[in-house]
Amino acid sequence: MYIEIEHAKKHFSHPDGSLFVALEDVSLTIKKGEFICLLGQSGCGKTTLLNVIAGFEKLSSGTVKIEGKSVNKASEKNVMIFQNYGLLPWRSVRRNVELGLESGSYTRTERRKIAEDYLKMVNLSDFADRYPCSLSGGQQQRVAIARALAVKPDILFMDEPFGALDAITRGKMQHDLRKIVDREDCTVIFVTHDIDEAIFLADRIVVMTPNPGKIKRIFPVNIYQPRYRHEPDFVELREQILREFFPKSDRRIEYFI
Amino acid sequence: MKKIWEITLSFGILLAIWQGIVAIGNFSPALLPSPWAVGEALFELFANGVMIKNILVSLYRFAMGYSIAVAFGAILGLVLGWYPKLFGYTNPILQYLRPIAPVAWMPFVVLLIGIGDTPAIVIIFLAAFFPVVLTTANAVRKLDPIYLKIAANYGVKEPEVLWKIVFPAVFPQVANSLHLALGSAWVFLVPAEMIGAQSGLGYMIVDARNNMRTDQLLSAMVVIGIIGLLLDLSIARGEKTVMKLWE
Ligand SMILES: Nc1ncnc2c1ncn2[C@@H]1O[C@H](COP(=O)(O)OP(=O)(O)OP(=O)(O)O)[C@@H](O)[C@H]1O
Ligand SMILES: [Mg+2]
């Protein structure tokens, strides 16, 4: 398997000395090129799991391997798109996208060309010389995506990337993202708490539950792309996932979502 | 346009108050000269070259002291902020030395080195160094960890990370401290030259006092104030330029 997570456990020690278990015995394998959505309510350890796979945090016990090698630090091949975009405010959009190319063997003109290609891909060609602070949230998000894709990552980690966007922009971004990653052939691990978003994007949906954070169930999504929210398979899968979160007794809650 | 009008008006009021005190106070003109008399003294000092010579001497000392302080302060601040252990050992010393007024070192410096350019340069250095080094170190320590994650994620390696990520990220705070340090360093130029030098704007004040030339004394004060304002304006310009540089 491409990514192998075995008996991953992560606890945080609080200042008062007590231990908080953020991940309890998580095991998961991911194929190359797969699009995985981590779905679950706040505090169930989605960000923690993402950080562990990306090498930003160390496990308390258990192992994470990518292509058979243990992960112990962040790598240029596996790029994270942070919840707050993480653009460098002192660099123009273009220079933000060039960031990951500067340590490679590219010349100045090559870097510029690549950055322009990816900015075009996310429809921001006209914004290359602007600064992040003068862009809208959705535009910043697209710059972050262009910057990540420009280094041709093997794995793309995304932590609730569309959480702050309006419904229309979000729908368009979901559509574009799926198209782009299919073309670029990279593996994606995508955190969300939006069930529809997960069904729309994922090859497999990993449902997590909190206290302690663990995997409750994994749903494969066998619906052809492009997917439509009203087709029967989509609706049926949504029902199944909702049932996972709300057992029969409080079925009424789902009408509020 | 409105701004120029405001400035003209405020200085006009200042001159009017001065003239008013001279008129009402009935002091001896030798003790409190009128604005007009100071204007004449200024003209004389510029005409005979004395003022220009002293301005150049003072600016030279100031530029030396300030730029050494900025270079050392910013570099040391970066290093101290980057290595928390080192900061732990150094911070108490810096905090201890900082509140000692730079001028307090003066007798010591004069005894060791003698009068001339060096004591003034040392005082200006001390006045600018502490705010710069402490602000820089603290800004680096409080750097948003996300920038370092991004650096690690996009393959920005250890020495590069300093000028590609850390320095631009802390630059706004550092620039602010440079700005403040510039003002306070200029303030300390006068006492430094009053004690440790035989030339410069600060020395002009001592010399004018010794010769009972209050008109020349006030002329020196006027020029010190104007240069202070100009320095302030030029560093604001400089900040903008450097901000572009990191882009
Ligand atoms: N550095 C830390 N120190 C202590 N506890 C932490 C730390 N990071 C996370 N936790 C705890 O671990 C649990 C899981 O956090 P995590 O951020 O992974 O949740 P999440 O599923 O991403 O939630 P959300 O959807 O709100 O982002 C939370 O209860 C959180 O309080
Ligand atoms: Mg999270």
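Each value in this text was obtained by applying a stated rule to the coordinates, not by laboratory testing. Note that this is a predicted model, so its numbers are computed, not measured. Here the Cβ is made from the backbone with ideal geometry for all residues, glycine too, and neighbour counts use every protein chain on show.
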Multiplying the sequence separation of residue A:193 and residue A:13 by 0.36 nm and subtracting their Cα-Cα distance, what value in nm do you get? 62.2 nm
Cα centroid distance between segment B:203-225 and segment A:125-149, in Å? 57 Å
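Please sort A:152-159, A:229-236 by packing, taking for each peptide the average over its residues of neighbouring beta carbons within 10 angstrom, highest first.
Numbers: A:152-159: 21.9, A:229-236: 11.2.
Taking the mean over residues of other Cβ atoms within 10 Å, the ranking is A:152-159, A:229-236.
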Between segment A:93-110 and segment A:162-210, what is the separation of their alpha carbon centroids in Å? 27 Å
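With charges only on Cβ, +1 for K and R and -1 for D and E, what is the dipole size of the protein assembly as shown about its Cα centre, in debye, rounded to 20?
Values: 54 positive and 48 negative charges, 97 e Å.
Result for the protein assembly as shown is approximately 460 debye, rounded to the nearest 20.
Too long at a 22 Å Cα-Cα cut-off: which of A:10/A:46; A:10/A:214; A:152/A:179; A:10/A:152; A:31/A:65? Please report the intermediate quantities before stating the final value.
Details: A:10/A:46 12 Å; A:10/A:214 11 Å; A:152/A:179 15 Å; A:10/A:152 30 Å; A:31/A:65 12 Å.
In this structure, A:10/A:152 exceed 22 Å between Cα atoms.
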Picking from B:89, B:203, B:60, which is most flexible by a Gaussian network model of chain B using Cα springs under 10 Å? B:89
Can you give the Kirkwood hydrodynamic radius for segment B:45-245, in Å, rounded to one decimal and based on Cα pairs? 18.4 Å
No solvent, one uniform scatterer per C-alpha: report log10 I(q)/I(0) for segment A:158-239 via the Debye equation at q = 0.15, 0.16, 0.21, 0.22 1/Å, two decimals. -0.57, -0.65, -1.11, -1.20
Using alpha-carbon coordinates, inclination of helix A:232-245 to the longest axis of chain A, degrees: 60 degrees
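Please give the charge dipole size of chain A, origin at the Cα centre, charges +1 on K and R Cβ atoms and -1 on D and E Cβ atoms. Round to the nearest 20 debye. Write down the numbers at each step before the final one.
On the way: 38 positive and 35 negative charges, 78 e Å.
Computed about the Cα centre, the dipole is about 380 debye.
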What residue among A:8, A:42, A:71 has its Cα farthest toward the positive end of the dipole of segment A:6-75, where the charges are +1 on Lys, Arg and -1 on Asp, Glu, each on the Cβ? A:71
Rounded to the nearest 0.05, FRET efficiency between residue A:32 and residue A:70 (Cβ-Cβ, R0 22 Å) equals 0.75
Sequence-distant or interchain residues sharing an amide H contact under 5 Å with residue A:208, placed H: which? A:39, A:40, A:216
Selected from B:12, B:110, B:223, residue furthest toward positive end of dipole (chain B; charges at beta carbon): B:110
Kirkwood Rh over Cα pairs of segment B:1-140 into Stokes-Einstein at 37 °C, 0.692 mPa s: D in µm²/s? 172 µm²/s
Nitroxide proxy distance, nm - points 7 Å out along Cα→Cβ at residue A:4 and residue B:173: 4.4 nm
Radius of gyration, Dmax [segment A:86-152; alpha carbons; angstrom]: 10.6, 32
Candidates A:228, A:118, A:85, ranked by Gaussian network fluctuation over chain A, Cα under 10 Å, top entry: A:228
So the compactness index of chain A, its C-alpha Rg divided by 2.2 N^0.38 Å, takes the value 1.04
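Using only C-alpha atoms and all pairs of different ones, pull out the Kirkwood radius for the protein assembly as shown in Å with one decimal. Walk me through the numbers on the way to the answer.
Values: mean 1/r = 0.0359 Å⁻¹.
Computed over Cα pairs of the protein assembly as shown, the Kirkwood hydrodynamic radius comes out at 27.9 Å.
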Most fluctuating residue of B:168, B:102, B:145 in a GNM of chain B with Cα springs under 10 Å: which is it? B:145
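Quick one: which of A:120/A:172; A:58/B:149; A:73/B:85 span more than 19 angstrom between C-alpha atoms?
Numbers: A:120/A:172 15 Å; A:58/B:149 14 Å; A:73/B:85 23 Å.
Table pairs above 19 Å Cα-Cα are A:73/B:85.
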Expressed as an acute angle from 0 to 90° and rounded to the nearest 10, what is the orientation of the C-alpha long axis of helix A:108-121 relative to the principal long axis of chain A? 50 degrees
